[in-house]
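Trainee: One structure, as structure tokens, below. Some questions next.
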Amino acid sequence: MLYRVLARFTAPPETAAWQDDLAAFARHHRQMLHVHPWAVTPLTGHSYPGANALPIGEAALRILQQAGITGDAAVAAFSGIVALNYGWSSFVLAREAADAASGGGAVQLAPPPPEFPLTAEAAGPMNRYGSEDHYEWTLKQLLAGIEADSRR
């Protein structure tokens, strides 16, 4: 089954802007996981889930090569994007399961004890973990780091 899921991945069209292409690649990869949520856990347990994973890696490596990022740095950047998406998808799945178990409403985290004032201050954003805007912020930071490293 994983083989079939991986075969359904379609890389976004490439442009002249590798940063935009890498962001689009990350979003497409995460969308594949969103459409097949059952596949998230098995995929995280396989460093090489089969030959149908090769086109996914090839697409990312081709984009990174446009930026002059190859070898270990390219593998690390690709791995970072995949890890972000696997982790993020796991957060979202857990959040959706908790919301469904509560009758469909968004689960709100209980206020923390007073000895955790910074956590209390971040309670609103903590209740939105796994949100689209949090993902986009995190992806932007990851891509900024990759881009900064490419200029060395």
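Trainee: Given the conditions (1) under 15 Å from residue 81 (Cα atoms); (2) open to solvent by 90 Å² or more (accessible area, probe 1.4 Å), and given that residue 54 satisfies all but one, which numbered condition is not satisfied?
Mentor: With (1) under 15 Å from residue 81 (Cα atoms); (2) open to solvent by 90 Å² or more (accessible area, probe 1.4 Å) applied to residue 54, the lone miss is (1).
Trainee: Tally the residues that are open to solvent by less than 50 Å² (accessible area, probe 1.4 Å) and of a type in the set (Val, Ile, Thr), restricting the search to segment 23-51.
Mentor: Here the count works out to 1.
Trainee: Where the second residue is part of a loop (DSSP other than H, G, I, E, B) and open to solvent by 50 Å² or more (accessible area, probe 1.4 Å) and the first is free of Cβ contacts under 8 Å to residues at least 12 places away in the same chain and lies in segment 115-137, which pairs have Cβ atoms under 7 Å and are six or more apart or on separate chains?
Mentor: Sorted first by the residue in segment 115-137, then by its partner, the pairs are 120/111; 134/128.
Trainee: Would you mind telling me which numbered condition in (1) open to solvent by 80 Å² or more (accessible area, probe 1.4 Å); (2) closer than 25 Å to residue 42 by Cα residue 83 fails?
Mentor: Going through the list (1) open to solvent by 80 Å² or more (accessible area, probe 1.4 Å); (2) closer than 25 Å to residue 42 by Cα, residue 83 breaks only (1).
Trainee: Which one is least open to solvent (accessible area, probe 1.4 Å) among residues in segment 114-131 that are under 15 Å from residue 87 (Cβ atoms) and over 11 Å from the mean Cα position of the chain (by Cα)?
Mentor: 131
Trainee: Within segment 5-17, how many residues turn out to be touching a residue at least 40 places away in the same chain (Cβ under 8 Å), open to solvent by 30 Å² or more (accessible area, probe 1.4 Å) and of a type outside the set (Gly, Ala, Ser)?
Mentor: Looking only at that region, the number is 1.
The values are calculated or read from the model by the stated rules, or taken from the named source; none is laboratory data. Since we're looking at a predicted model, the values are computed, not measured. Positions of Cβ are generated from backbone atoms using ideal geometry, with glycine treated the same way; all protein chains shown enter the neighbour counts. With ligands, DNA and RNA removed, areas are computed over all heavy atoms of the protein, side chains included. Shrake-Rupley method; radii C 1.70, N 1.55, O 1.52, S 1.80 Å.
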